[in-house]
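Participant: Here it is: the structure, laid out below.
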Amino acid sequence: MKITIDGHTIEVEPGTTVLQAARMIGGASVPPTMCYYSKLKDCGGKCRCCLVEVTKGSERDPRPMPKLQPSCVTGAQDGMEVLSGNSQRVLDARKAVTEFLLINHPLDCPVCDQAGECNLQDLAMTNKEFTSRFKEQKVTTPSEDIGPYISLNKNRCILCYRCVKLAEQLTPDRVHGVLYRGDHAEISAYIHNSIDSDFSGNMIDVCPVGALTDRTFRFQSRVWFTKKINAHRDCPHCTGKVVLWTFGNDVLRVTARKDEFSEVEDFICNECRFDHKKKEDWVVEGPHKFGKNSVLNINNNALAAPKDVEIQTEKLTLAGRDVDRKKISMRDVPIEQIEENK
Amino acid sequence: MGKKILTEKINIPGIREYDVYRQNGGYQSVEKALKEMTPEQLVESVKASGLRGRGGAGFPVGLKWSFIDKKSGKPRHLLVNADESEPGTFKDRYLMEFIPHLLIEGAIVSSFALEANLSYIYIRGEYMFVFKILEKAIKEAYANGWLGKNILGTGYDLDLYVHCGAGAYICGEETAQIESLEGKRGNPRIKPPFPAVSGLWNEPTVVNNVESIASIPWITLNSGEEYAKIGIGRSTGTKLISASGHIKNPGVYEIEMGMTVDEFMNSDEYLGGMIDDRPLKALIPGGSSVQILPPQYIFKTANGEDRLMSYESWADGGPVTGSSLGSGGFIVYNDTACIVRNTWNLSRFYHHESCGQCSPCREGTGWMEKILYRIEHGQGTEEDVDLLWDIQSHIEGNTICPLGDAAAWPVAAAIRHFREEFEYHIRFPEKIKDRNHFREQPMEKVRQLLAK
Amino acid sequence: MERVIIKQFTQQVNITDEVMARINELTSHYPEGKQKSALLPVLHLVQDAHDNWLSVDLMNKVAEILKIKPIEVYEVATFYSMYNLKPVAKYKFEFCRTACCSIRGAEDLMDYTCSKLGVKQGEITPDGLFSVVGVECLGACGYAPMLQLGDFYHEHMTPEKIDALIENCKQGKVEFYSE
């Protein structure tokens with residue numbers, strides 16, 4: 001089957017979606033995705049970020065489709081012609097969707113742990129000239145305690161349903177879901193229920209925004225200050241292939257490895273994610289590379305020997321922290337006194 | 001008097017009961033269909049009738065039936081859509097409340113045509129009293145051998161049940177209704193696959209409106225060709241119109257397609273003209289989701305032709321000077337009605353009813369409502385109207401189901417035809433403090449203020 | 001905040017034999033293994049049998065009966081507007097306030113009822129008997145203004161009819177559920 005996207009023609013297998021074909025082509029033709037996740041079944045079609053214009057339906061029925069189509073759930077047809085990055089209509093629609101996603105988003109990136117690896121942030125940055133026209137009050141929902149490992153901030157949620165699908169497909173008992181409806185819909189367990197199955201930690205990785213973040217990593221470091229190292233261990237539950245997010249010799253966080261479309265390659269178990277925060281537990285492979293433009297590559301370059309590396313920025317940052325601590329300590333209880341009492 | 005197909009017998013005392021219904025010719029179409037016709041013949045006769053779906057979209061029923069997947073051998077289902085929630089529409093309730101057996105009769109014949117052995121009627125939860133009427137009628141039908149195993153000794157089995165919703169407009173959308181019947185949240189599914197291939201429990205399903213199904217017995221008894229003779233052009237048959245608002249005789253009317261709007265609105269047999277003889281200001285012809293029209297486009301099209309009660313005539317002029325017959329929910333406004341308040345009101349409705357699944361609808365409906373609330377309450381700004389226009393244009397066509405379009409169109413049409421009212425609200429906030437301000441000072445009296 | 005409050009309400013869960021028999025009848029309407037489909041009608045049924053609202057315990061009980069996960073019940077109960085997740089007034093006047101009712105004076109009538117009962121919209125009178133809420137279109141547009149009380153619609157309402165209805169409620173002469 002042949003499909004043409006933005007003028008590039010490609011051979012694909014029957015059953016391929018337009019989005020998958022666009023990802024094969026790459027470049028500016030790849031639509032952004034907020035809800036689609038290739039590793040999860042029936043996940044997609046909701047956020048409307050990946051809209052494309054179908055200018056020719058197929059060889060058999062060449063009529064164009066009047067409406068923009070969500071590429072993640074539209075199957076490729078033989079002879080189909082699609083405009084993605086080359087269509088102003090598509091770009092306008094995607095920009096509008098970005099605006100819709102942001103109107104009730106708290107825009108609290110400065111205090112959000114997801115900043116730097118947030119899909120919504122990246123999406124917003126692609127519309128640089130954008131200024132908000134939203135003057136009304138935002139919809140807000142109080143946060144909820146869902147256990148010691150995962151922190152849930154519902155205001156940031158964009159209702160992509162990825163975590164719900166994941167809980168359905170990877171864990172035996174789903175205890176959370178989407179409650180209420182319309183713009184008051186929220187991810188919740190309804191009653192105080194902690195979400196703690198063996199694979200629940202993957203919800204953090206699939207969340208495109210900062211709604212679900214790693215509680216053990218909370219406010220520990222900005223992600224771009226850490227060094228990202230590929231490592232693995234023998235794990236009876238999962239493949240054990242992870243990324244260690246390290247600072248000096250400390251492992252601050254363990255996540256699954258993500259590909260260039262920021263999708264997890266192999267889901268990892270909670271034991272790997274939360275219980276092995278020592279470098280000794282892991283066999284280090286080397287630096288983890290992110291997409292070309294990702295802010296996460298900062299600090300990740302000169303990583304020849306991952307063992308006992310000392311990089312000046314880290315030392316300075318640590319020193320800076322001490323200075324800061326002194327600055328903000330109270331005059332009556334100087335910092336030195338606190339250190340002594342320890 | 002026009003021809004009556006659905007409501008012919010509705011005024012017979014006791015027609016709600018099985019015995020009276022049967023004595024008046026009820027269930028004859030089941031006898032004819034099961035004993036003398038094949039499912040294919042039934043589908044052909046419905047195709048020949050030109051009957052179009054009465055739920056709003058106007059999709060030909062026969063064509064929809066012919067799409068159902070009979071090859072896979074999976075069980076098939078008929079789902080009768082009685083989730084009548086479109087503001088301005090209350091015709092299905094009238095049928096079900098007063099002549100429930102007509103719907104059951106239609107459902108049996110239709111299920112036979114689709115070769116379905118398990119069918120449901122999905123009724124909205126608020127119509128609980130109608131739910132109970134239907135349940136009773138179904139029990140009567142079982143007791144008299146019209147439902148169950150081996151109906152009339154023909155070997156055809158059918159189980160028909162009534163299922164109730166619980167307060168969600170979105171469940172009128174066919175895939176949301178299927179989800180809801182499966183005991184889930186009413187989130188519309190992404191199409192394809194269409195229900196005709198993979199619907200209820202992933203089995204082939206046809207979803208039809210109550211009025212469409214209730215027309216089937218007449219078509220079966222009198223042939224599709226006879227039905228096609230009623231009406232005009234591609235709008236065949238009769239249509240129930242629910243009329244409400246500022247008119248003398250609100251209620252449900254059965255009309256032959258092709259009647260002029262003028263006759264329907266002003267003759268004493270039908271709506272009887274405006275209440276208190278105040279001037280007509282606006283009209284919504286097909287339930288709240290369609291475009292509101294100003295007086296100059298109600299009785300005549302933009303070309304100066306008579307506007308008729310038909311799908312084609314109402315659509316004449318497209319969204320700019322036309323509208324749509326939709327579900328036949330006729331809402332009439334006189335000069336005391338405030339279009340801005342009405343638009344805010346409808347916007348609140350769609351905001352309340354959005355399922356929250358896809359982002360343009362979830363966020364856009366709430367945003368529009370908040371802006372319209374501000375304008376209605378005297379806090380609007382000049383840019384707001386253009387912003388509203390921009391938001392609605394980005395919702396329309398970009399959502400999973402038609403609720404996004406339904407939320408966008410009323411706002412677009414109100415701005416298109418009644419922009420001066422929005423400007424009046426924005427520029428004279430002190431004059432619109434009372435929500436009934438147009439009762440004392442209709443737009444006609446204050447229009448000169450805007451010119452200054 | 002709403003959710004925190006919801007958790008504080010408790011309710012005596014009592015599925016009588018009569019209710020259970022009806023649940024079994026409802027589930028029999030769906031094929032084997034599809035008993036989840038009965039969820040909406042069953043929730044209506046148990047809500048009517050439990051002072052017209054659903055507590056967490058009651059929803060868990062429904063989940064147990066239908067053999068589904070509790071979250072599946074919460075998801076559904078919070079989606080549909082007819083399920084009450086906290087205690088409600090005995091006589092809940094649900095006024096339709098969408099377009100057609102609104103232009104025929106539904107809002108004026110709601111204001112009248114509120115002032116008559118001395119409550120704001122959504123509040124419950126101190127004796128727990130009455131509340132006035134606005135709901136979206138109930139499908140009685142031609143008979144506006146109207147309100148729903150229990151199963152029944154009260155149409156073509158006027159202030160006088162409201163007075164009479166309130167009086168009848170106080171004397172316990174109003175029927176809720178149709179046969």
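Just so you know, all these numbers are worked out from the coordinates, no wet-lab data involved. Just so we're clear, the structure is a prediction, and the values are computed from it rather than from any experiment. No Cβ is skipped: glycine too gets one built from the backbone with ideal geometry, and neighbour counts run over all protein chains shown.
Participant: Please identify the helices of chain A, taking whole runs of DSSP H, that span at least 18 Å along their own axis as judged from the Cα atoms and have a mean Kyte-Doolittle score of -1.0 or higher.
Facilitator: Values: long enough: A:88-103 (22 Å, 0.41); A:312-328 (24 Å, -1.08).
Span-like helices here: A:88-103.
Participant: Just to confirm the number: angle between the C-alpha axis of helix C:17-27 and the first principal axis of chain C, 0 to 90 degrees, nearest 10?
Facilitator: That helix lies at roughly 80 degrees to the long axis.
Participant: Considering the options A:I158, A:S132, A:Q121, tell which one lies farthest towards the positive end of the dipole of the range A:107-217, charges being +1 on Lys and Arg and -1 on Asp and Glu at the Cβ, about the Cα centre.
Facilitator: Farthest towards the positive pole: A:S132.
Participant: Work out the charge dipole of chain B with +1 on the Cβ of Lys and Arg and -1 on the Cβ of Asp and Glu about the Cα centre, then indicate which of B:P87, B:P360, B:L160 is farthest towards its positive end.
Facilitator: Positive-end residue among those listed: B:L160.
Participant: Need one number: % antiparallel among DSSP beta bridges in the protein assembly as shown, to the nearest 5. Working shown, then result.
Facilitator: Working: 60 of 88 bridges.
Roughly 70 percent of the DSSP beta bridges within the protein assembly as shown come out antiparallel.
Participant: Taking a ≥ b ≥ c as the square roots of the Cα gyration tensor eigenvalues, with a/c under 1.5 meaning rounded and otherwise prolate when a/b beats b/c, else oblate, which class fits the range C:88-147?
Facilitator: Numbers: a/c = 2.84, a/b = 1.88, b/c = 1.51.
Prolate shape, in that a/c is at least 1.5 and a/b is the bigger ratio.
Participant: By the gyration tensor of its Cα atoms, with a ≥ b ≥ c the square roots of the eigenvalues, what is the shape of the range A:168-238: rounded for a/c under 1.5, prolate for a/b over b/c, or oblate?
Facilitator: It is oblate, given that a/c is not under 1.5 and a/b is not larger than b/c.
Participant: Just the Cα atoms of the range A:24-66, one point each, no solvent: what log10 I(q)/I(0) does Debye give at q = 0.14 Å⁻¹?
Facilitator: So the normalised log intensities work out to -0.47.
Participant: Could you derive backbone 3J(HN,Hα) for the range A:132-147 from the dihedral phi with the Karplus parameters 6.51, -1.76 and 1.60 (θ = phi - 60°), listing whole Hz in sequence and x where the residue is Gly or Pro?
Facilitator: 6, 10, 8, 10, 8, 6, 7, 7, 10, 9, x, 7, 9, 8, 10, x
Participant: Among all the lysines, which ones have a C-alpha under 22 Å from A:K56's C-alpha, if same-chain residues fewer than 8 places away are not counted?
Facilitator: A:K2, A:K67, B:K191
Participant: Please compute, for peptide B:160-166, the average count of beta-carbon atoms on other protein chains lying within 10 Å of each residue's beta-carbon.
Facilitator: Details: counts 1, 6, 2, 7, 7, 5, 13.
The shielding value for this peptide is 6.
Participant: Any of A:K227/A:K279; B:K70/C:K34; B:K9/B:K91; A:K46/A:K95; B:K132/C:K173; B:K184/C:K34 with alpha carbons more than 19 Å apart? Name them for me. Display every interim value, and only then the final one.
Facilitator: Numbers: A:K227/A:K279 13 Å; B:K70/C:K34 22 Å; B:K9/B:K91 15 Å; A:K46/A:K95 16 Å; B:K132/C:K173 21 Å; B:K184/C:K34 12 Å.
Exceeds cut-off: B:K70/C:K34; B:K132/C:K173.
Participant: Scan the range C:20-78 for GluC sites (Glu not before Pro) in coil per DSSP, keeping those whose Cβ has at most 14 other Cβ atoms within 10 Å, and list them by number.
Facilitator: Details: sites: C:E25, C:E32, C:E64, C:E72, C:E75; in loops: C:E32.
Answer by residue number: C:E32.
Participant: Additional query: Just to compare against my own numbers: the Cα pair-distance distribution for the range B:1-50, 5 Å bins, whole % per bin, please.
Facilitator: In whole percents, the pair-distance histogram is 5, 16, 18, 19, 18, 17, 7, 0.
Participant: Name the long-range amide H neighbours of A:E285: under 5 Å, sequence gap of 5 or more, or other chain; modelled H, no Pro or chain starts.
Facilitator: The answer is A:N230, A:A231, A:H232.
Participant: Mind running the shape call on the protein assembly as shown? Use the C-alpha gyration tensor, a ≥ b ≥ c as the square roots of the eigenvalues: rounded below 1.5 for a/c, prolate if a/b tops b/c, oblate otherwise.
Facilitator: Details: a/c = 1.67, a/b = 1.56, b/c = 1.07.
It comes out prolate by the Cα gyration axes.
Participant: What is the packing order of peptides B:166-173, C:155-162, B:292-299, taking the mean over residues of other C-beta atoms within 10 Å and listing the highest first?
Facilitator: Ranked from most to least packed, the peptides come out as B:166-173, B:292-299, C:155-162.
Participant: Give the aspartates and glutamates reachable from A:K228 as a straight Cα distance under 12 Å; neighbours fewer than 8 places away on the same chain don't count.
Facilitator: By straight Cα distance, A:K228 reaches A:D250, A:E285.
Participant: Oh, and also: Residue by residue through the range A:122-129, what is 3J(HN,Hα) from phi via Karplus (6.51 cos²θ - 1.76 cosθ + 1.60, θ = phi - 60°)? Round to whole Hz and write x for glycine and proline.
Facilitator: Ordered by residue, 3J(HN,Hα) equals 4, 4, 5, 5, 6, 10, 5, 7 Hz.
Participant: Just going by the charge dipole of the range B:232-334, with Lys and Arg at +1 and Asp and Glu at -1 on Cβ, which of B:G233, B:L325, B:T260 is farthest out on the positive end?
Facilitator: Of B:G233, B:L325, B:T260, it is B:L325.
Participant: On to the next question. If you check each cysteine of chain C for another cysteine whose beta-carbon is under 4.7 Å away, which ones come up empty?
Facilitator: Lacking a cysteine Cβ partner under 4.7 Å: C:C114, C:C137, C:C169.
Participant: Can you put A:L159, A:L91 in order, fewest other beta carbons within 10 Å first?
Facilitator: Details: A:L159 24, A:L91 16.
The fewest-first ordering by Cβ neighbours comes to A:L91, A:L159.
Participant: Moving to a separate point now. Give the Debye-formula value of log10 I(q)/I(0) at each listed q (0.09, 0.10, 0.11 Å⁻¹), with one equal scatterer per alpha carbon of chain A, two decimals each.
Facilitator: These q points yield log10 I(q)/I(0) values of -0.57, -0.70, -0.83.
Participant: Taking just the alpha carbons, could you work out the radius of gyration and Dmax for the range C:2-79, both in angstroms?
Facilitator: 12.3, 38
Participant: Next up: Using Cα atoms only, what is the angle between the long axis of helix C:106-117 and the major principal axis of chain C, expressed in degrees (0 to 90) to the nearest 10?
Facilitator: So the inclination is approximately 90 degrees.
Participant: Sticking with this one: Using a Cα-Cα cut-off of under 20 Å, which lysines could be cross-linked to B:K149, ignoring same-chain neighbours fewer than 8 residues away?
Facilitator: B:K32, B:K35, B:K74, B:K136, B:K139
Participant: Out of residues 5 or more away from B:G397 or on other chains, whose amide H comes under 5 Å of its own, with H placed 1.01 Å from N in the peptide plane?
Facilitator: Under 5 Å from the amide H of B:G397 lie the amide H atoms of B:D405, each far enough along the sequence or on another chain.
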